[in-house]
1. Please name all residue pairs, on different chains or six or more residues apart, with Cβ atoms under 7 Å, provided the first residue is in the range 126-140 and is under 14 Å from Lys154 (Cβ atoms) and the second residue is hydrophobic (A, V, I, L, M, F, W, C) and open to solvent by 20 Å² or more (accessible area, probe 1.4 Å).
2. Of the residues in the range 198-226, how many are open to solvent by 60 Å² or more (accessible area, probe 1.4 Å) and either of a type outside the set (A, V, I, L, M) or under 30 Å from Met1 (Cα atoms) (or both)?
3. Restricting to the range 202-235, name every residue that is within 20 Å of Val137 (Cα to Cα), β-branched (Val, Ile, Thr) and not in a loop (DSSP other than H, G, I, E, B).
4. Could you count how many residues in the range 206-230 are within 17 Å of Ile182 (Cβ to Cβ) and of a type in the set (D, E, K, R)?
5. Of all the strands (runs of 3 or more DSSP E) wholly in the range 121-177, which have at least 1 residues that are closer than 19 Å to Ala190 by Cα and of a type in the set (Phe, Trp, Tyr)?
6. Where residues in the range 247-264 are modelled with pLDDT of 95 or more and open to solvent by 40 Å² or more (accessible area, probe 1.4 Å), which of them is farthest from Val58 (Cα to Cα)?
7. Report whether or not Ser161 is under 16 Å from Tyr45 (Cα atoms) and free of Cβ contacts under 8 Å to residues at least 60 places away in the same chain.
8. Any residue in the range 154-167 that is under 22 Å from Glu65 (Cα atoms), open to solvent by 30 Å² or more (accessible area, probe 1.4 Å) and not hydroxyl-bearing (Ser, Thr, Tyr)?
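The values are calculated or read from the model by the stated rules, or taken from the named source; none is laboratory data. Computed from a prediction, not measured in an experiment: that's the story for all the values here. Here the Cβ positions follow ideal geometry from the backbone for every residue, glycine too, while neighbour counts run over all protein chains shown. For accessibility, only protein heavy atoms count, side chains too; no ligands or nucleic acids. Shrake-Rupley method; radii C 1.70, N 1.55, O 1.52, S 1.80 Å.
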Amino acid sequence: MALVLGGGGARGIAHVGVLRFLEEVGFTPHIICGSSIGAIIGARYAQVLSWRVVWEDVNRALESEAFKEASSEFSDETEGNPFQEFMRIVNRGIACTKAFASMSLVSEEAYMNALSQFIPQDTLIEETRVAFAAVAVDLVSGREVVITRGSILKAVAASASIPGIFPPVKWNGMLLADGGWIDVLPASAARILGADVVVGVWVGKKIDVMEPLNNTFDVVYRADDIARHYLNWIRRDECDVIIEPDVGTYLWNQFSAKDELFEKGYEAAASSWARIKGTLSKVRILRYFRRSPDRRGVFRPVVV
């Protein structure tokens with residue numbers, strides 16, 4: 001049984017609420033996979049198997065100076081998506097020189113310092129209490145990469161590295177960035193690790209919530225957003241059960257709403273529990289009838 005935690009920026013705080021409910025009813029996944037914020041939350045939970053510890057770490061991290069430094073240009077005082085925030089800063093001239101001289105607006109040092117607040121123990125993935133994998137995209141080959149061993153902090157950094165904002169991570173000749181760009185809900189990674197049943201937690205934004213289109217960049221990003229939305233729905237279908245917290249209207253950087261997001265995760269898990277139990281009771285039937293996705297060429301993940 002696997003729990004797959006999806007990407008969605010601050011909306012991913014709902015994952016902790018989901019974990020609380022599942023822990024209360026005695027559900028312990030054998031496998032945890034995550035993409036982007038889902039990798040951050042999932043990695044920490046795989047280490048400690050305690051929603052309380054994860055919640056305490058999240059709250060401490062959001063109040064830390066390291067997080068404030070890394071996110072100072074992307075706080076929830078603004079309402080844009082990541083690309084719009086990038087352009088806002090460049091247009092203001094704050095980081096124009098840096099944007100053309102480096103691959104990210106936030107330095108590697110600031111980024112890793114901020115992540116270390118969420119993942120205070122940088123152990124090996126092989127040492128987690130349940131099997132764990134993080135998903136990233138290799139900017140060199142364009143392939144999906146499933147990270148199953150090595151530094152858990154480095155793996156999370158790769159999976160959560162928003163292109164243009166946070167630095168991509170070098171890994172065995174690859175250049176890894178945010179897994180949400182290619183697999184926002186990585187059920188495929190869970191299958192690779194041997195999962196019979198995959199429970200996915202979806203924290204994507206609602207596609208019918210559109211920000212104002214004021215310029216060329218807004219139009220381009222909106223078109224890209226729509227394309228990614230439909231790719232993401234294909235990924236959803238690879239899960240056996242979906243828990244969907246009502247967080248689709250929250251901004252990707254709205255960390256100030258953490259308590260609301262937590263509660264919405266808990267509520268969604270509670271309302272989905274009957275379906276989860278029903279699916280778990282049919283493991284043998286699902287195993288017999290399920291066909292693995294036919295992934296060819298660039299669609300076949302690289303496992304490291």
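1. Pairs that qualify, where the first residue is under 14 Å from Lys154 (Cβ atoms) and the partner is hydrophobic (A, V, I, L, M, F, W, C) and open to solvent by 20 Å² or more (accessible area, probe 1.4 Å), are Ala133/Leu193.
2. Result for the range 198-226: 8.
3. Result: Ile226, Ile234.
4. Qualifying residue count for the region: 3.
5. Those strands (runs of 3 or more DSSP E) span 131-138.
6. Restricting to residues being modelled with pLDDT of 95 or more and open to solvent by 40 Å² or more (accessible area, probe 1.4 Å), the top hit is Lys264.
7. When the stated conditions are applied, Ser161 does not pass them.
8. Looking through the range 154-167, at least one residue is under 22 Å from Glu65 (Cα atoms), open to solvent by 30 Å² or more (accessible area, probe 1.4 Å) and not hydroxyl-bearing (Ser, Thr, Tyr).
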